[in-house]
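All remarks here apply to the structure that follows.
The values are calculated or read from the model by the stated rules, or taken from the named source; none is laboratory data. The model shown is predicted, which means the values in this text are computed figures rather than measured ones. As a convention, Cβ positions derive from the backbone with ideal geometry for all residues, glycine included, and neighbour counts pool all protein chains shown.
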Amino acid sequence: MSKLKIERQCTDCNGTGLYVGMAEHNGAAVVCHGCRGTGKEIIEIDNTPFTGRKERLDVKCVYQTNPGICMGTGNGHTLEEFGGMPYKEWALGLKFPKGSEMRKYTCPAWFYQSADYEKKPNWKECGGGSFSACSSFPNKEKCWKRWDKEFGGKRN
């Protein structure tokens, strides 16, 4: 491990050493608290050089994103029902396969709002304030079929 030391212009006072804020008026200033009047900040960062991605022995499945749903095993749940791909395949650099989205619990708009906003559909049928309140949500498998036709060729 090493330490990186950076000197830069103080971001609080723009390098002047003096701070003029909401309470300082008509030519008044105070000595900048951030740099103590020097005009510079010194930032020190502990640095561990990158030597390659480390292995996670506690992970079995990797997901492209979490759209806000608790994932994991237990209470009758399996990792696979949340989509994703095996950790070993992800570690090899394979792309997320078709159908690896969290299709059981989300619609395409909900999932891709987090995963890749460019692939989030903006269909007139989408709506209702929240994704689960959308009138199409109970039949979200139809939305996924449509998404596969319109966006499915653009895999990650």
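Scan the range 35-50 for residues that are assigned to a loop (DSSP other than H, G, I, E, B) and modelled with pLDDT under 95 and the total you get is 3. Is there a residue being more than 17 Å from Tyr63 (Cα to Cα), in a helix (DSSP H, G or I) and hydrophobic (A, V, I, L, M, F, W, C) anywhere in the range 125-134? Yes - at least one qualifying residue is present in the range 125-134. Please verify whether Ala115 is surrounded by 15 or more Cβ atoms within 10 Å (Cβ to Cβ), assigned by TED's automatic domain parsing to the domain that holds Ser130, small (Gly, Ala, Ser) and touching a residue at least 24 places away in the same chain (Cβ under 8 Å), treating the condition exactly as stated. Yes, satisfied.
Contact map, the range 46-57: residues that are surrounded by 10 or more Cβ atoms within 10 Å (Cβ to Cβ) paired with residues that are assigned to a loop (DSSP other than H, G, I, E, B) and of a type in the set (A, V, I, L, M, F, W, C), Cβ distance under 8 Å, separation 6+ or inter-chain. Pairs shown: Asn47/Met1. Just give me the residues in the range 75-112 being loosely packed, with under 15 Cβ neighbours inside 10 Å and closer than 30 Å to Gly127 by Cβ, in sequence order. Matches in the range 75-112: His77, Glu81, Pro97, Lys98, Gly99, Lys104.
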